[in-house]
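To start, the structure itself, in C-alpha cells.
The values are calculated or read from the model by the stated rules, or taken from the named source; none is laboratory data. Computed from a prediction, not measured in an experiment: that's the story for all the values here. Here the Cβ positions follow ideal geometry from the backbone for every residue, glycine too, while neighbour counts run over all protein chains shown. What goes into the accessible areas is simple: the full protein's heavy atoms, side chains included, and nothing from ligands, DNA or RNA. Shrake-Rupley method; radii C 1.70, N 1.55, O 1.52, S 1.80 Å.
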Amino acid sequence: WRIDQKSADISSDAYWIWNGIIGNEITFEFTFEGIIDPPNRAISVSNADNIQTVSVSYDSGSTWTTIGYENDWTDALELNIDNVNSKTRIRYEVDDLHVIGGFIATIYYQGQEYVTTNPISDSYFSITSNPSGGNLVYYNYASTPWRIDQKSPNQSPNSYWIWNGVVGNSITFEFSFEEIAPTPCCAKSISNADNIQTVRLSQDGGSTWTQIGYLNDWTTALKLDITDVTYQTRIRYVVNDLHVIGGFIATIYYEGQEFVTSNPISDGNFAITNNPSGGNLVYYPYDSTPWRIDQKSPNQSPNSKWIWNDAISNSITFQFSFENIALSRTALAVSNADNYQTVSVSYDNGNSFSQIGYLGDWTQSLELNVDNINDNTILRYSVKDDGSTIGGFISSIYYQGQTYTTSNPINDGNFVITNSPGGTLQYRTVNSSPWQIINRGNSPNQSPDAYWIWNGGLGNTIVFEFSFKGLSSCTYDMTTTPSPIEPVPRSRIVPEDNNDPDAFATFANDPRGKNRVVNNKLWRMVNTAADPLLEWPLTVSLSADVYGFKANEESSVSITTRGRRASAEGDVFFSVRFGGNRYLSFALDFDGFINAGSGKGISIYPACKSKNLARGNPAKFLRSIQGDTGFDLRAALAGGDYTNWDVIRPRYNGNNFPVTFTFTNNPIDDTFRVEFSSPTFPRGLQCGYRGSVDPNEDITMYLTPDFNNNEIIAIRSFLINGKKYTRSEEEIEDEKEDMNILNEWVESYQNKEDMTDMLFVNGQNGYKDYMKNTLSNYSSNMIIIIGLIMSVFTLILIFIKRKYYNNIKDVQEVTPLLMMDHMQSKC
C-alpha cells in the first residue's frame, strides 16, 4: 500500500486490519460514544427505599414524562437526561413500604456534581410533597442499613440519605436546573453606539417591528438574546449621534459563528437602510480611540468595525438579516402506510392537533413539509389496516440536516406508539415483501434505514407519534415576547429633599448622640472602637415598582454615593439586599488602607464567581453583633466568618469620592454582576455570580463606618442611575453643589478635627487614641515637646470656653460646621 506516500492525512499511528481471507467483506464501525456527550446531557443517579418513579419536565413542571422506575434500594437507578435547559426539572416519587424510608441522589452535569445535602435547602433538590409531615432526618452516604458505598459506585460520597422519620409513607423530591443550566436562546446581539441606539426586532421579514432594546451610553455594550430565529428574522439598529463623532459597531453570535460589522459593510450581513445625511462611510478598527471598547466591551468581536458617515449630530439605521444564514425550521415528513394514514400536527406539545395529510395507497409515499418547527411540535400518524393480508407503517423525517426514521426496536428512535390494540411488534426492512417500495420507485425519499412496523394484527388501527423536542439546533420559548424598553428612572437623595417614596434614605436614631444631620445638608456618621453603633446608621431604599430588576431581560441599577472622610481613618462597609434574602457586602477604604479579614485591599462577600449571592437579611446583622471590634463587624457581614471576604483588588481606594455601585441582573443567562467605580478605579472593578436574583423586588443599601477606630464619614447625596455621559445642565449643577458643600465642610474642619473631634467623640479615651496613633513614630524628645504644646493649647481652649462662650452671639460665625455640633452637645 505505502499510503505514507499517498495519503498524507492518514495518521502514522493507524494500522491496516484484515482477517487473512480474500474475496470477502468486513464491516467496520466507529462510535463517538464516550468521546462526545449529547448536548446538555445530565446523568441522574438515585437510590430509594423502597420504590422510586422518576419523571422529567422540560417546561418548568407544567407537564411530566415518566423516564424511570426502580423498586430495589440496593440498585442505583441511572438515567440520562438530554437537552437540559433552565426549564428542566427531575421529579422523584419515593414510596416507603416498611422499616425505614430514604432517598439519596447525585446529578452529574457539565463536570459538576449536585447531591442531596444536609440540610436539603443547601442544594438544588427540594421536597414538593410530604403529606405525612415529620422532621427531616439525614444519614450519610455510607450509613446502615443501606451501605450503598458497597453497592452504588456512581453515587457521590458527598450525598445524603433523606427521609421524614415516618414509615410506610411517600415523599416527592424534585431537582431544578433553573440556576445551573443555560436558558434556551438562538442568537445574541452585542452592539455599541455613539451616542444612542434603539433596537427593534422583526420576525416576518421586516413587515412589523417590536422594540427590544435601548441604550444611551457608548461605553456599554447592549446585549440582547434573539429567540426563535428564522430566515425571516431581522434586527434593526437606529443610531443617533449627538456631538463630536458618531459610530456603530456590532457582533451577532449564532450557531457557533460570529457575524460582524465589516469593512466594507457590504461584505457582511449588515446593511444601511436609512442614511438621510448621506456622506461617505468611514470605518474604524474595533480598538480605535476615542472609544477603546476593547477595554470596555469584552463580548464585542475584535473583527468588528466601527462605521459612520463622516457627519455629526445625525442618524443612521443599520439592519442585520438572517435570511441566508438561519437554519430552516421546516421538516420533510415522508411516510408509507398499509392501508390508510391520517397525519396531524401539534404545536402545543400535543394539547391540540390539526390534520395536514391523508393517503390511502401504501405504494405511494405521503410527503409533507411541516413549517415553523419548535420544541413543542409533534406529528401524529393514525394508521388503519383494512384487514386484507398485512398492516404496516414506515416513515423518515428530514430536519436540519438529520434523518430520523422508524427504527428496530421503535424505542431506539424518536417515534413512539401512543395507541395500539396490543400484540407483539414486528419489524421489516424498507424493501421487504410484500411492499418492496424501493423497487417500485414510488418512494424515492424513504430512507433505506427505515423499518416497517406493525403488531401482527389485521383490520386494526395504531397511532404513531414523532416529537421534535430537543431536535432543533437551538431551543427557544415561543411564548416570550420582547417588552418595550422604558426610560431609565433616576433620583437624587439629599437630606433636604428626601421625600420620594420610591427612592429615599433613612438615618437611624443614635442613642449615643454622635450621629446627626448637619445643617440639613450632610449625614454625619461616627463610629468608635469603644462605643460602636450596633445599627446601620444610613440606609438607602429603592422600590421594586420603579427600580426592581426586570423579569425577562437584563436590567441594571446604579447607586452613586458622594461624601467625605472627616477623621484620620475612614473605612465604610456596605451591604446591599435584593428582595428578602439575597445580599452582598463590600468593604471599602477612604484612607489608603483596609483589610476586611482575608487580605489587604477592596473586598467583597460572597466571593466572585460564586454560584449565588449570599442568603440573609443585612438589616439584622449589626444587631446580632456580640462584641465591639472590627472583626465582629467583618464576620457579621460575611456569613459569620471574617475570613470569607474575597479581595477583588489588592489596592486601596484612598480618600476618593464619589463611589458608584452598578448591579446588573440577567435572568436570561442566569447571572448577576456588580461593578464598583471611583476616581481611583474609573474603569470599574467587576465581580460576577452564576445565579440571578429575583426580579421585581425592593433593593436596599446599608452603610456604616468601621468599628476599628474613631471614624467619621459625612455623606452629602445618593444618585440613583446617574448618567456617566451626556448629563443635563441640572445634573452637572447638582454635582457641583454637592462637591462645594463637602469641600467647604472639610476646609472648615481642617486643623481642628484631629484632636478636638477625638475629644468630643470619645472623651479622654479619644485623646489617648489620638496621641497613640499620631505620635507613635516620633522620637521621645519630639513627643515631649508636642505634648507640652498640646497641653498649653488645651488649657487655652478651656480658658476661652469658660470666659467667653456666653458672649458669643452666633456660634456659626466663629466655629466650623462640625465643631459647632460638638460644642453644643458638650455644653
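Points to keep in mind about this one:
- The range 368-380 residues that are surrounded by fewer than 16 Cβ atoms within 10 Å (Cβ to Cβ) and assigned to a loop (DSSP other than H, G, I, E, B), paired with ones that are among the polar types (S, T, N, Q) and modelled with pLDDT of 80 or more (beta carbon under 9 Å, 6 or more apart): D371/T330; N372/T330
- Residues that are open to solvent by 40 Å² or more (accessible area, probe 1.4 Å) and modelled with pLDDT of 80 or more within the range 720-742 comprise K736, E737, N740, listed in sequence order.
- Residue match in the range 144-157 (condition: within 28 Å of the chain's Cα centre (by Cα) and modelled with pLDDT of 90 or more): yes
- Residues that are over 11 Å from E711 (Cα atoms), of a type outside the set (S, T, N, Q) and touching an Asp or Glu at 6+ places or on another chain (Cβ under 9 Å) within the range 515-533 comprise R516, V518, K521, A530, D531, L533, listed in sequence order.
- Checking R716 against (1) free of Cβ contacts under 8 Å to residues at least 60 places away in the same chain; (2) crowded, with 16+ Cβ neighbours inside 10 Å, the condition it does not meet: (1)
- Between R329, R292, the distinction of being open to solvent by less than 30 Å² (accessible area, probe 1.4 Å), under 29 Å from the mean Cα position of the chain (by Cα) and among the charged types (D, E, K, R) belongs to R329 only.
- Filtered residues of the range 28-45 (kept if at pLDDT 95 or above and polar (S, T, N, Q)): S44
- Meets criteria (open to solvent by 10 Å² or more (accessible area, probe 1.4 Å) and either touching a Cys at 6+ places or on another chain (Cβ under 6 Å) or small (G, A, S) (or both)) for S335: no
- Per this entry, W73 is not counted among residues that are under 30 Å from W1 (Cα atoms) and either surrounded by fewer than 20 Cβ atoms within 10 Å (Cβ to Cβ) or in contact with a strand residue (DSSP E or B) (Cβ under 6 Å, 6 or more places away or on another chain) (or both).
- Which listed residue, of V199, V229, V260, V239, is over 26 Å from the mean Cα position of the chain (by Cα) and among the aliphatic types (A, V, I, L, M): V239
- Residue that is least open to solvent (accessible area, probe 1.4 Å), among those in the range 392-406 that are part of a loop (DSSP other than H, G, I, E, B) and either closer than 14 Å to N369 by Cα or modelled with pLDDT under 95 (or both): Q400
- Y583 vs. criteria open to solvent by 40 Å² or more (accessible area, probe 1.4 Å) and of a type in the set (S, T, Y): no
- Search result, residues across the range 587-620 that are surrounded by fewer than 24 Cβ atoms within 10 Å (Cβ to Cβ), part of a strand (DSSP E or B) and not aliphatic (A, V, I, L, M): N595, K600, R615
- Taking residues in the range 276-287 that are over 14 Å from N192 (Cα atoms), and partners anywhere that are of a type in the set (G, A, S), the pairs with Cβ atoms closer than 8 Å and at least 6 places apart or on different chains are P276/S315; S277/A311; S277/S315; G278/A311; G279/A311.
- Residues that are out of contact with any helix residue (DSSP H, G or I) (no Cβ under 9 Å at 6 or more places or on another chain) and either of a type in the set (A, V, I, L, M, F, W, C) or buried (at least 19 other Cβ atoms within 10 Å of the Cβ) (or both) within the range 190-202 comprise I190, S191, A193, D194, N195, I196, Q197, T198, V199, R200, L201, listed in sequence order.
- Residue in the range 237-252 that is touching a residue at least 24 places away in the same chain (Cβ under 8 Å) and under 17 Å from N324 (Cβ atoms) present: yes
- Condition met for T662 (in contact with a strand residue (DSSP E or B) (Cβ under 6 Å, 6 or more places away or on another chain) and open to solvent by less than 60 Å² (accessible area, probe 1.4 Å)): yes
- Among the residues of the range 214-227, none is identified as surrounded by fewer than 19 Cβ atoms within 10 Å (Cβ to Cβ) and farther than 28 Å from R683 by Cβ.
- Test: residue in the range 142-156 that is open to solvent by 20 Å² or more (accessible area, probe 1.4 Å) and part of a strand (DSSP E or B): no
- Of all residue pairs spaced 6 or more apart or on separate chains, those with beta-carbon atoms under 6 Å, a first member in the range 341-367 that is over 24 Å from I437 (Cβ atoms) and open to solvent by less than 50 Å² (accessible area, probe 1.4 Å) and a second member that is of a type in the set (F, W, Y) and at pLDDT below 95 are S346/F353.
- Residue within the range 541-556 that is of a type in the set (V, I, T) and open to solvent by less than 10 Å² (accessible area, probe 1.4 Å) present: no
- Only one of the numbered conditions (1) part of a loop (DSSP other than H, G, I, E, B); (2) out of contact with any strand residue (DSSP E or B) (no Cβ under 6 Å at 6 or more places or on another chain); (3) surrounded by 15 or more Cβ atoms within 10 Å (Cβ to Cβ); (4) at pLDDT below 85 is not met by P695, and that is (4).
- Test: residue in the range 113-131 that is out of contact with any Lys or Arg (no Cβ under 9 Å at 6 or more places or on another chain), of a type outside the set (D, E) and at positive phi: no
- Taken together, the residues in the range 621-645 that are touching a Phe, Trp or Tyr at 6+ places or on another chain (Cβ under 8 Å), of a type outside the set (A, V, I, L, M, F, W, C) and either over 21 Å from G570 (Cβ atoms) or in a loop (DSSP other than H, G, I, E, B) (or both) amount to 4.
- Looking only at the range 191-233, and only at residues there that are farther than 30 Å from I373 by Cβ and among the small types (G, A, S), the one that is modelled with the highest pLDDT: A193
- Criterion violated by Q300 - all others in (1) part of a loop (DSSP other than H, G, I, E, B); (2) surrounded by fewer than 19 Cβ atoms within 10 Å (Cβ to Cβ) satisfied: (2)
- The set of residues in the range 53-105 being over 24 Å from the mean Cα position of the chain (by Cα) and among the small types (G, A, S) consists of S55, G68, A76, G101, G102, A105.
- The range 164-189 - residue that is open to solvent by less than 40 Å² (accessible area, probe 1.4 Å), at pLDDT below 95 and part of a strand (DSSP E or B) and, of those, nearest to T117 (Cα to Cα): S176
- Subset tally (residues that are out of contact with any strand residue (DSSP E or B) (no Cβ under 9 Å at 6 or more places or on another chain) and either open to solvent by less than 30 Å² (accessible area, probe 1.4 Å) or among the polar types (S, T, N, Q) (or both)) for the range 637-659: 2
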